[in-house]
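Worksheet: the structure to be examined is printed underneath.
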Amino acid sequence: MAQLVGPLRKELADSLSSCRVLVVGAGGIGCELLKNLVLAGFKNIEVIDLDTIDVSNLNRQFLFQKKHVGKSKAQVAKESVLRFCPSANITAYHDSIMNPDYNVEFFRNFQLVMNALDNRAARNHVNRMCLAADIPLIESGTAGYLGQVTVIKKGQTECYECQPKPTQKTFPGCTIRNTPSEPIHCIVWAKYLFNQLFGEEDADQEVSPDTADPEAAWNLADAAARATASDQDGDIKRVSTKEWARSTGYDPVKLFNKLFKDDIMYLLTMDKLWKKRKAPLPLDWTEIQQIESSQEEACGTGLKDQQVLGVQGYAQLFRHSVETLRSQLIEKGEGAELVWDKDDPPAMDFVTAAANLRMNVFSMNMKSRFDVKSMAGNIIPAIATTNAVIAGLIVLEALKILNSDFDQCRTIFLNKQPNPRKKLLVPCALDHPNPNCYVCASKPEVTVKLNVHKTIVQALQDKILKEKFGMVAPDVQIEDGKGTILISSEEGETEANNNKFLSDFGIRNGSRLQADDFLQDYALLINVIHSEELEKDVEFEVVGDAPDKAPTPSAPEEGKNIANGNKDSAQPSTSSKAAAEDDDVLIVDSDEEPSSSNMEASPESSNRKRKHHDADMDDAASKRKRLDQQPADDDEDIIALD
């Protein structure tokens with residue numbers, strides 16, 4: 001008869017106490033997971049998290065208390081967990097897992113890695129490091145009442161990036177600046193405005209009317225006569241938004257009249273935009289202040305954050321938040337910048353007020369502060385019990401791996417409501433690696449369509465290699481017979497190339513680039529297709545990337561996919577199908593155990609590269625569609641999450 005140590009066989013209990021495991025992330029899932037690990041008998045644990053504790057974490061990250069606010073999550077989590085098991089050997093790192101210090105050799109020190117991350121880039125990076133080190137990885141994610149756990153093993157399962165996913169939903173600049181039609185457009189505009197006024201200016205986040213809008217066929221000669229804003233009220237001057245705001249001393253009334261009156265009147269001169277749309281209605285500060293307070297009652301009941309104010313209420317909130325943010329800038333000194341944070345009340349007040357005022361201008365129903373925060377922060381409210389269930393499932397999968405029962409490992413989905421077979425937890429067999437994965441295939445290769453006469457080397461490095469394919473420090477060599485080095489990870493070696501066009505180096509249709517990231521032990525061959533017919537605002541396309549819409553599923557049961565929500569989600573996709581843009585996954589539950597490939601996974605996750613011989617898994621969040629479809633009216637509240 002097998003000897004038991006608690007509920008485990010002695011051999012397995014010994015394995016737990018001797019093995020070294022790495023936990024990446026000490027947030028909602030991470031806290032529950034660390035507690036579970038020490039109580040299950042794991043003795044050698046290392047945990048890494050770059051984040052510090054915020055007040056908003058305390059409702060679910062139970063290892064933290066109010067006295068810990070501002071301190072390292074990893075360090076405080078370690079101290080709290082040691083109270084459960086003082087004999088455990090726990091090492092905490094207050095650092096980013098993407099730091100070059102945590103290389104392949106570092107990962108090889110562990111028998112198992114467990115992700116409890118909140119962002120796509122880090123998940124992709126850990127995926128690649130585990131593939132390079134040939135260490136099993138357990139991925140997990142939660143989004144509200146939904147959750148998912150899966151196992152990734154080089155050569156045996158799909159990796160995190162095996163299925164290409166659409167990038168997070170973005171909107172054309174002219175839509176944000178000229179013709180918003182949904183509340184999310186106004187919220188994105190308000191976040192851009194915050195950065196333009198108080199933060200780091202970004203040319204891609206301009207908020208003034210876009211005169212280059214291809215739809216706007218208008219007469220420039222008429223513009224000055226028709227947009228009759230006065231100098232006192234701000235006038236429309238084609239200067240930097242921040243420069244203009246500083247010149248007014250961040251006067252909230254002048255800012256208000258420029259943004260919601262003068263700029264709107266300027267938009268109205270673009271006649272063609274409004275032939276098939278309802279024209280915007282400018283707001284005037286003086287007129288708004290004359291509105292009877294009795295007409296300005298807040299809509300909705302319950303908490304203050306869930307009430308919708310009137311135009312006058314949001315105008316006053318705008319004024320108050322601008323004054324507060326102006327004071328913060330003054331306190332920080334000359335040249336200081338503020339960083340937008342959904343948990344910073346003045347910043348959140350500003351975005352709430354500005355977004356709602358713009359919604360009113362464009363005849364949309366305004367939103368409560370709670371709704372704006374959820375959309376602006378890309379948040380799906382975190383549920384502590386969901387984190388607890390998922391953390392428990394992670395440990396169960398870990399026990400299977402350490403017990404050499406890898407064949408018993410599963411992808412497990414936690415549903416919001418029981419499926420037709422009365423199950424909340426739905427296990428699915430792990431899928432095999434995608435032979436065409438550009439992370440874990442034996443010879444990773446990808447085809448990129450771009451305009452070689454317009455794409456500069458800096459864009460190739462930042463937007464394609466780093467952002468799209470997830471490299472950290474890429475080196476690129478042109479396969480031209482001469483071994484021309486286009487990009488070097490060594491500082492200063494190729495900086496002179498940054499602003500040159502690819503065509504300047506002889507790159508043309510059919511050229512091949514060899515990209516390597518030595519930190520990730522990952523190499524990618526890039527085939528270049530030159531095209532002058534890319535859509536507006538599209539700089540490049542990855543040929544064969546996931547379609548925007550997935551094929552219509554024919555399976556009986558549907559569930560909703562896990563989105564990268566809040567700071568507790570790590571959404572792995574184990575689906576072998578490309579997924580829909582809204583990241584829905586179809587969960588099949590039949591008498592036989594389904595394969596995760598029977599589900600349509602949403603590729604919300606990442607566009608990162610693959611390492612040779614590694615099985616990757618896409619950063620897709622596996623959301624599952626509920627049986628009860630959401631009403632169409634709710635669509636305006638749905639955004640693609642990271």
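What the table below lists for this structure:
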| read-out | value |
| --- | --- |
| Gain on full stretching of the segment that runs from N403 to E323 - 0.36 nm per residue minus C-alpha separation | 22.7 nm |
| Extension gain (nm, one decimal) between E243 and D14, 0.36 nm per residue minus Cα-Cα | 75.9 nm |
| Three-way shape call for region 491-534 based on the alpha-carbon gyration tensor, with the a/c threshold at 1.5 | oblate |
| Length gained when the stretch Q156-L424 is fully extended (0.36 nm per residue, less Cα-Cα span) | 93.8 nm |
| Label-to-label distance, nm, for residues given as V339 and E495 (7 Å Cα→Cβ offset) | 2.4 |
| Per residue accessible area in Å² of region 45-146, where ligands, DNA and RNA are left out and the probe is 1.4 Å | 38 |
| Overall form of region 345-390 per C-alpha gyration tensor (a/c, 1.5; a/b vs b/c) | prolate |
| Computed label-point distance, nm, for sites Q458 and K304 using a 7 Å Cα→Cβ extension | 4.4 |
| Region 445-543, relative contact order in percent, only Cα pairs under 8 angstrom and at least six apart counted | 42 |
| Prolate/oblate/rounded label for region 42-166 (Cα gyration tensor, a/c 1.5) | prolate |
| Pairs beyond 25 Å (Cα-Cα), from K66/K342; K258/K454; K449/K500 | K258/K454 |
| Cα-projected label distance for V55 with S363, points at 7 Å along beta-carbon direction, nm | 4.1 |
| Region 331-386, accessible surface, carbon-and-sulfur percent (1.4 angstrom probe) | 48 |
| Relative contact order [Cα under 8 Å, 6+ residues apart], region 32-101, whole percent | 43 |
| Summed residue charge, Cβ within 13 Å of V47's Cβ, Lys/Arg positive, Asp/Glu negative | -2 |
| For region 445-543, size of Cβ-based charge dipole, Lys and Arg +1, Asp and Glu -1, in debye | 320 |
| Calculated FRET value between T91 and E533, using beta carbons and R₀ = 56 Å, to 0.05 | 0.55 |
| Per residue value of the accessible surface for region 445-543 (all protein chains in place, 1.4 Å probe), Å² | 51 |
| Cβ crowding within 10 Å averaged over residues, with 42-53, 450-461 ranked highest first | 42-53, 450-461 |
| Of all accessible heavy-atom area on region 445-543, the percent that carbon and sulfur account for (1.4 Å) | 43 |
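The values are calculated or read from the model by the stated rules, or taken from the named source; none is laboratory data. Fair warning: this is a prediction, and the values are worked out from it, not measured in the lab. Reconstructed Cβ throughout: ideal geometry from the backbone, glycine too, with neighbour counts over all protein chains shown. In case anyone asks, the SASA skips ligands and DNA or RNA and just uses the protein heavy atoms, side chains included. Shrake-Rupley method; radii C 1.70, N 1.55, O 1.52, S 1.80 Å.
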